[in-house]
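Could you have a look at this structure, given as structure tokens, before my questions?
Just so you know, all these numbers are worked out from the coordinates, no wet-lab data involved. Values in this document were obtained by computation on a predicted structure and should not be read as measured data. Counting neighbours? That spans all protein chains shown, and the Cβs are built from the backbone with ideal geometry, glycine included.
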Amino acid sequence: MPGQPLSISNEIPTPFILVDEGIVKSNLRRIHDYAHRHGFSVRAHVKTHKSLALARMQMAMGDVSIAVAKAEEAQVMVGLGHVDITVAYPAVGKARAEKIARLAGTHKIGVAVDSEYVMKGLEDAATAYGVEIGISVMLDAGLHRCGVSDPQALITLGEYARQSPSLRYEGVQMYVGHLYGEAADDPASFERINRIWDPAYESLCSVGLTPERVSLGSTPSLFNSHRIHHVNEIRVGTAVLNDYFVLKFGHCRLEDCAFRVVATVVSDRVPGQVLIDAGSKALSAKQLLRHQQLRMGYVVEYPHARIFRLHEEHGWVDVSRCTNPPKTGDRMSIIPVNAALCMNLHDHFHLLTETGNLHKERVDARGCQV
């Protein structure tokens, strides 16, 4: 409860990650209920948690396919068995292309692309290994990170994939990460995207490139995915765990946050302030600026506390507004600003099961950058 020291897991040295299985499953049920209502398939984007154990939990709930960010993550996730994998990232370079081609010999695997350059590299690797690699063309829906929005550019990329004997045209991928806060709930935001997407979709259909899959991702707007036309798949990443960014902008409730970093107060010598043993190497240095307040995580037991500074091994916490502030030796659980960055800093996490037990699990794809 807020204002009370954390009592769980006193034997485990801090800092460590705690993931609540019950909350994860509750989040997954909500996601699948929504997907069922709108006829979407669910693709687990494992870049957030990088864990075979959590991916298996998602598959048990009904996720029939996965997305990864990098080829090395795909190499780890084939441990799930015969699962459909999308590398939701332009796999540039021979090393990436060859890793993907080798996996395509035993698994259905595809890649999201926005250039012929990427497809040529994948095509060469697929030809050399005698395999076929799927292609999803990336639509720029407004973030201006990757993708194209001109209908003719989409057709050109789709046609390249369709004409290649080593590639397989699968459809279109979108990411709408520019929608968060009020924009993620504003119908006008989705109308703007449809004004880009509708003519592109019609152009693809007119030349026989009707996308078999239209895949959409981004946690803040996840439950408004049905507002974008022709979507039939949602890629689910952070929404499985949730973090302080998602919470602070109102896209989940506190009880939907399954991810914590447990830390210990190591010094309370400065009045109104404590130091914790979770610094940037445990929480990441990701910052959240909201209403002129810089925050670097949410302290569950002390909601009036504010993490305002991180060094490598130390975290500064302003506790001047806490009625019963923590003292040296007390533990606290922190919802980090970005769960994905935080998970990649740890070799293991502790899963709090629905029966109240703790299981130590590996972060299997930690450090997969290629």
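Computed over the Cα atoms, what is the radius of gyration of the range 125-282 divided by 2.2 N^0.38 Å, N being its residue count?
Numbers: Rg = 21.1 Å, N = 158, 2.2 N^0.38 = 15.1 Å.
Relative to the 2.2 N^0.38 Å estimate, the range 125-282 comes out at 1.40.
Let me ask something additional. Taking θ = phi - 60°, what integer Hz values does the Karplus form 6.51 cos²θ - 1.76 cosθ + 1.60 yield along the range 190-198, in sequence order, with x for Gly and Pro?
Running phi through 6.51 cos²θ - 1.76 cosθ + 1.60 with θ = phi - 60° gives 7, 5, 5, 5, 5, 5, 7, 7, 4 Hz.
Below 8 Å, C-alpha to C-alpha, sequence gap of six or more: please give me the relative contact order for the chain in percent.
Worked out over the chain, it gives 21 percent.
Could I ask something else about it? Tell me, what HN-Hα J-couplings in whole Hz come from the Karplus equation 6.51 cos²θ - 1.76 cosθ + 1.60 at θ = phi - 60° for each residue of the range 318-330, using x for Gly and Pro?
After applying 6.51 cos²θ - 1.76 cosθ + 1.60, I find 7, 10, 5, 9, 7, 5, 10, x, x, 10, 3, x, 6 Hz.
When a/c reaches 1.5 or more, the comparison of a/b and b/c decides; with that in mind, is the range 1-139 rounded, prolate or oblate per its Cα gyration tensor?
Prolate, because a/c is 1.5 or more and a/b exceeds b/c.
For the range 22-240, what's the relative contact order in percent, using C-alpha pairs closer than 8 Å and at least 6 residues apart?
Across the range 22-240, relative contact order equals 19 percent.
Among 62, 258, 179, pick out the residue whose Cα is farthest towards the positive end of the charge dipole of the chain, where Lys and Arg carry +1 and Asp and Glu carry -1 on C-beta, about the Cα centre.
Of 62, 258, 179, it is 258.
How tilted is helix 21-38 with respect to the longest principal axis of the chain? Cα atoms for both, answer in degrees (0 to 90, nearest 10).
The answer is roughly 30 degrees.
A follow-up question, please. Treating the angle as unsigned and between 0 and 90°, give the value, to the nearest 10°, between the Cα long axis of helix 151-163 and the longest Cα principal axis of the chain.
Helix 151-163 sits roughly 70 degrees off the main axis of the chain.
What's the longest uninterrupted piece of the chain once you rule out the trypsin sites (Lys or Arg not before Pro) that are loop residues per DSSP with at most 10 other Cβ within 10 Å?
The answer is 1-252.
For the range 22-240, what does the convex hull of the Cα positions come to per residue, in cubic angstrom?
Enclosed volume per residue, from the Cα hull, is 105 Å³.
Additional query: Which value in deg cm²/dmol, rounded to the nearest 500, describes the helix-derived mean residue ellipticity at 222 nm for the chain, given -39,500 (n - 2.57) per DSSP H run of n ≥ 4 and division by the residue count?
Only helices count here, giving -8500 deg cm²/dmol.
Pick from 86, 328, 238: which is most flexible by mean-square fluctuation in a GNM of the chain where alpha carbon atoms under 10 Å apart are linked?
The residue that fluctuates most here is 328.
Next question, about the same structure. On average, how much area does the Cα convex hull of the range 245-362 cover when viewed from any direction, in nm²?
Spelled out: convex hull of the Cα atoms, projected over all directions, averaged, 7.8 nm².
Under a 5 Å amide H to amide H cut-off, with H placed in plane at 1.01 Å, what residues pair with residue 110 once short-range neighbours are removed?
When sequence neighbours closer than 5 places are left aside, the close amide H contacts are 85, 86, 87, 134.
Further question on the same structure: Can you compute 3J(HN,Hα) from phi for each residue in the range 116-121, using the Karplus curve 6.51 cos²θ - 1.76 cosθ + 1.60 with θ = phi - 60°, rounded to whole Hz and x for Gly and Pro?
For the range 116-121, the Karplus curve yields 5, 4, 5, 5, 4, x Hz.
Within straight cross-link reach of residue 94, meaning Cα distance under 20 Å, which aspartates and glutamates are found once same-chain residues fewer than 8 apart are removed?
Of all the aspartates and glutamates, those that pass the test against residue 94 - Cα under 20 Å, at least 8 places apart if same chain - are 72, 73, 114, 116, 123, 124, 132.
Please return the longest stretch of the chain lacking exposed loop sites, where GluC sites (Glu not before Pro) count only if DSSP places them in a loop and at most 15 other Cβ atoms lie within 10 Å.
No qualifying site falls inside 12-211, the longest such stretch.
After finding the eigenvalues of the alpha carbon gyration tensor for the range 230-299, what semi-axes result from the square roots of 5 times each, listed largest first in whole Å? All intermediate terms of the calculation are to be shown ahead of the outcome.
Details: eigenvalues 177, 39, 23 Å².
For the range 230-299, the semi-axes come out at 30, 14, 11 Å.
Using the alpha carbon gyration tensor of the chain, what are the three equivalent-ellipsoid semi-axes (square root of 5 times each eigenvalue), largest first, in whole Å?
Each semi-axis is the square root of five times an eigenvalue, giving 40, 22, 18 Å.
Which angle between 0 and 90 degrees, to the nearest 10, do you get for helix 94-104 versus the longest principal axis of the chain when only C-alpha atoms count?
80 degrees
Taking 32 Å as the cut-off for C-alpha to C-alpha distance, list the pairs among 47/120; 120/360; 70/327 that go past it.
Too far apart for the 32 Å limit: 120/360; 70/327.
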